[in-house]
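A.B. asks: Quick one: this structure, given as structure tokens, is what I'll be asking you about.
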Amino acid sequence: MADKTYAQQAENPQTGKLSSHRNREILHIFNTFFHNESTGGILLLICAIIAVTLATVPGGEWFENLWTTHASVRIGEFSLDMSLRHWVNDALMAVFFFVVGLEIKREMLVGQLSSIKRSALPIVAALGGMLVPAGIYWACNAGHPESIQGWGIPMATDIAFAIGILSLLGNRVPASLKVFLTALAIVDDIGAIIVLAIFYPTHALHLEYLAYVAVIMSVLVIFNSAKLKNKYLYILPGIAMWYFTYKSGIHATIAGVFLAMVIPSKGSINEVRFQSRISLLLEKFKMTSSRQMNVLTSPEQQHIIHSMNNEIRDVDPLLHRLESKLHPIVTFIIMPVFALANAGVALDFSSLTSGGISPVMPGIFLGLLVGKPAGIFLFSFLSIKIRLAAKPVGVTWKQMASIGVLGGIGFTMSIFINNLAFSSPELIDTGKISILITSASAAILGLAAMRMSCKGKAPELTAEEILPEKTNRIKASK
């Protein structure tokens, strides 16, 4: 009966068309995400330029000395001491991975990865964009045991940089192409996380600490099953899980992904009941505001606002609340700080002319600039031709090829893996230089390719055309 009433309300022109409103809401959420990522990408670029400049110019040694300064946390007998760079890479980046994990979980539940049909294309494209670059790097470094471990470097796409470049073209880029790039980068992140956890341990594994991690995860799963929504019940054990992961030998940032997987993704109030309660509170608010000239001065109005806040908090899943609060922090603080701490490498090419080119450089350059676009396009083309996947609405093959070039921008995760893959400072610096040059080249070539393939304003598409699976579920629920 409640479902029927809800459906009637949705179709009643006096109350507004709910499905149309939700379609606009879907597009608004995605556009907000896209705008934040594009702005963050520009900020990330500025910080990378600052770090490289200070590492190159005379007198900039103070900047490198800053990141090697040690800082410690002491509580009684407990002590944890690391350099500022390690605090950024091991602690702050755990928050980055936590938000990535939340985004992945959301996409798998209600987004582009929630159905086999819609997720097939970005999954297959991302798979090609990982395997082909890794194969090219491996071929360039075969017979060089000191550098062969860097095969994971060209596998990753930096979503913030890629979206930042794409946003420069404004409304010339089809919305469905933006959605495809976002889903592709998220699947890419999943692959990078798996590679990072399995193939790039920080030191020898300690099973006893992994056992502690498993115990904490079990407790958090129980909390989730019991529908406990207090964020501190997850965050405090999550901090302990980060420490035990750090001690276990697996990179500590993976704890952020572990924690994201157990964060509750459902609200506690039925949608129809929530709509009824909010409508009732709004009517009460209108009645009181007609008697009070100064809104919010009435204790009754304050009580109504407080009640509405409680209703919204209860219906809003903890996953969404944490992602909304942390995403700007990650985009505008953590990732720029990571760039400042890790992108600083002196652009000195004299060693290349005297000692020859390390195979790391062509491996990364060809892997990202050739392997990424080739893998993304070929795997996408084949999956669409054999009808395993569907081509995004309103997107041409030229645009698909161009988006593959932008996939060659591999900054954040590439530098992250680069720091773990090599033990030699010379190889680490060579890898950073290669990543910076290649990512800049991919950005310029990708922007040029997108400008040529996206001529004129892209046709406006409805939410059903951009996100058909999601809007179909809305219709089916009516």
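The values are calculated or read from the model by the stated rules, or taken from the named source; none is laboratory data. Computed from a predicted structure; not experimentally measured. Cβ: placed from backbone, ideal geometry, glycine included. Neighbour counts: every protein chain shown.
A.B. asks: Check ILE163, ILE116, ILE148, ILE104 and return the single one that is more than 20 Å from the chain's Cα centre (by Cα), modelled with pLDDT under 90 and β-branched (Val, Ile, Thr).
C.D. replies: Step by step, each of ILE163, ILE116, ILE148, ILE104 is checked, and only ILE116 is more than 20 Å from the chain's Cα centre (by Cα), modelled with pLDDT under 90 and β-branched (Val, Ile, Thr).
A.B. asks: Also, I was wondering about something else. Residue by residue through the range 261-282, note down the ones that are among the β-branched types (Val, Ile, Thr) and at pLDDT below 75.
C.D. replies: Within the range 261-282, ILE269, VAL272, ILE278 meet the criteria.
A.B. asks: Still on this structure, I have one more. Grab the helices (runs of 4 or more DSSP H) fully contained in the range 59-156, keeping just those with 3 or more residues being more than 24 Å from ALA346 (Cα to Cα), touching a residue at least 40 places away in the same chain (Cβ under 8 Å) and assigned by TED's automatic domain parsing to the domain that holds PHE377.
C.D. replies: 116-141
A.B. asks: Can you pull out the residues in the range 385-406 that are in contact (Cβ under 8 Å) with a residue 40 or more places away in the chain and farther than 14 Å from LEU184 by Cβ?
C.D. replies: Selection gives LEU388, ALA390, VAL393, GLY394, THR396, LYS398.
A.B. asks: Tell me whether the range 212-232 contains one or more residues that are part of a helix (DSSP H, G or I), in contact (Cβ under 8 Å) with a residue 12 or more places away in the chain and of a type in the set (Gly, Ala, Ser).
C.D. replies: Among the residues of the range 212-232, not one is part of a helix (DSSP H, G or I), in contact (Cβ under 8 Å) with a residue 12 or more places away in the chain and of a type in the set (Gly, Ala, Ser), which makes the answer no.
A.B. asks: Tell me, please, whether a residue that is over 17 Å from ALA126 (Cβ atoms), surrounded by fewer than 18 Cβ atoms within 10 Å (Cβ to Cβ) and touching a Ser or Thr at 6+ places or on another chain (Cβ under 7 Å) can be found in the range 165-180.
C.D. replies: yes
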